[in-house]
Amino acid sequence: MSVVGPVVVIGAGPAGLAAALELRRRGVARVLVLERETEPGGIPRHAQHQGFGLRDLRRPLSGPRYARRYAELATAAGAELRTETMVTGWSPSGPLEVTGPSGRETLEPAAVVLATGCRERPRPARLVPGSRPEGVITTGALQQLVYLKGLSPGTRALVVGAEHVSFSALLTLAHGGARAVGMVTELARHQSLALFRAGAALRFRAPLWTRTALSEIHGRPRVEEVELTDLDSGAVRRVACDTVVFTADWIPDHELAVMAALAMDAGTRGPAVDAALRTSRPGVFAAGNLLHGAETADVAALGGLHAGAAAAAFVATGQGWPDARIPIECEPPLRWIAPNAVVPGAGRPPRGRFALRSSDFLSRPRIEIAQGSRTLWVGRIARLVPGRSASLPHSWTQAVDPSAEAVRVRVAAAG
């Protein structure tokens with residue numbers, strides 16, 4: 001069976017649901033949301049802590065309540081949600097092949113919004129040697145184990161990472177009856193807010209070992225101990241534990257983007273997009289943490305609203321797709337910028353700003369944006385912290401020459 005014409009949103013996390021909501025608000029007649037999980041809502045539905053919804057819904061909610069609220073809003077607006085449904089085929093020039101509980105079908109959408117999110121890299125992708133015991137998981141798996149299945153993750157856990165989500169893992173472990181024996185990061189200090197670190201130290205009393213690598217995992221059939229290596233001295237410490245939680249180190253779920261032959265950004269490893277969140281393929285938009293792993297759920301949702309508005313305008317006007325895209329490239333120690341392409345007339349990026357990430361800790365760096373020999377913008381920002389985004393203004397995009405070379409962003413001087 002072939003169905004023609006809906007706007008299809010792939011992914012029912014905050015970005016996808018927000019995009020569907022905005023599409024319906026702007027008069028798109030049929031909006032279809034595809035979600036491979038059994039319930040909509042994405043990661044927030046198994047993140048029990050408070051603080052969701054502050055930027056977008058203007059109220060503090062728990063993760064599950066936040067997920068339910070967006071699903072309710074999208075459904076009430078008239079979007080059709082299909083769970084347990086996956087895109088199983090999508091050629092560079094062909095339709096979507098979709099498989100769900102009712103069987104297989106082919107969709108020829110008027111537009112597509114990709115909102116497939118991101119995930120933490122598991123142990124195999126991080127190349128940590130040792131045996132292969134049970135008890136090695138990511139934060140996402142930990143939250144599902146504790147909050148959705150009501151199971152214990154173990155009794156003594158090592159947390160690998162020191163970003164926001166790493167401190168969230170401490171709370172989840174406590175809810176599951178486990179004690180954190182420590183946190184470990186290869187960086188010089190933690191990457192979260194000072195308040196989070198202080199609160200974690202007081203409540204959980206878990207030591208934070210900086211400039212330290214998880215070098216081996218041992219145990220059979222379950223984790224028994226790990227080896228930690230001090231990166232400065234080379235000293236090795238053995239720590240007894242029965243659980244290892246890998247946190248952060250995000251990678252976008254970009255398999256569909258690759259399948260569709262979208263141009264990808266080397267820094268984010270997600271689709272390259274302009275300020276309107278248009279990809280290189282006509283009619284295909286992208287939003288949320290597929291583009292910038294990983295921002296908070298409300299930032300992802302605001303990006304979804306932005307993509308929904310742009311997709312609705314595309315469907316309503318039948319406007320053409322830009323041919324010229326000027327890439328934005330980052331020089332080390334900068335890792336990536338999002339959005340990462342400039343197109344004349346694309347308008348403001350989501351939230352009126354570009355997100356910038358660094359591999360190093362920098363205090364009051366002077367950032368320069370240039371195109372060839374022309375400087376487009378120079379300014380200082382308060383700080384750059386690995387794993388956290390800083391904001392750059394968007395006004396400089398008006399000075400970009402659409403016929404010239406790539407725009408480059410670099411650190412001109414560090415404070």
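The values are calculated or read from the model by the stated rules, or taken from the named source; none is laboratory data. Not measured: the values here are computed from a predicted model. Note that we place each Cβ from the backbone using ideal geometry, even for glycine, and neighbour counts take in every protein chain shown. The protein model used for the area step is the full one, side chains on, heavy atoms only, and it has no ligands, DNA or RNA in it. Shrake-Rupley method; radii C 1.70, N 1.55, O 1.52, S 1.80 Å.
Of all residues in segment 381-409, those that are assigned to a helix (DSSP H, G or I) have Cβ atoms under 6 Å from Cβ atoms of residues that are of a type in the set (Val, Ile, Thr), 6 or more apart or on another chain, in Trp396/Ile369; Thr397/Val342.
Scanning segment 67-81 for residues that are free of Cβ contacts under 8 Å to residues at least 24 places away in the same chain and not basic (Lys, Arg) yields Glu72, Thr75, Ala76. Among the residues making up segment 377-398, those that are open to solvent by less than 30 Å² (accessible area, probe 1.4 Å), more than 25 Å from Ala307 (Cβ to Cβ) and of a type in the set (A, V, I, L, M, F, W, C) are Ile381, Leu384, Val385.
Going by what's in this entry, would Leu34 be described as of a type outside the set (Phe, Trp, Tyr), over 15 Å from Glu72 (Cβ atoms) and touching an Asp or Glu at 6+ places or on another chain (Cβ under 7 Å)? Judged against the criteria, Leu34 is not a match.
Against the definition (of a type in the set (Ser, Thr, Tyr) and touching a helix residue (DSSP H, G or I) at 6+ places or on another chain (Cβ under 8 Å)), how does Ser168 come out, yes or no? Yes; evaluated as a whole, the condition is true for this residue. Of all residues in segment 36-55, those satisfying the criterion of being among the hydrophobic types (A, V, I, L, M, F, W, C) and buried (at least 22 other Cβ atoms within 10 Å of the Cβ) are Ile43, Ala47, Phe52.
In summary, Val33 fulfils each of the numbered conditions (1) open to solvent by less than 50 Å² (accessible area, probe 1.4 Å); (2) in contact (Cβ under 8 Å) with a residue 60 or more places away in the chain; (3) touching a Gly at 6+ places or on another chain (Cβ under 9 Å); (4) more than 30 Å from Phe167 (Cα to Cα) with the single exception of condition (2).
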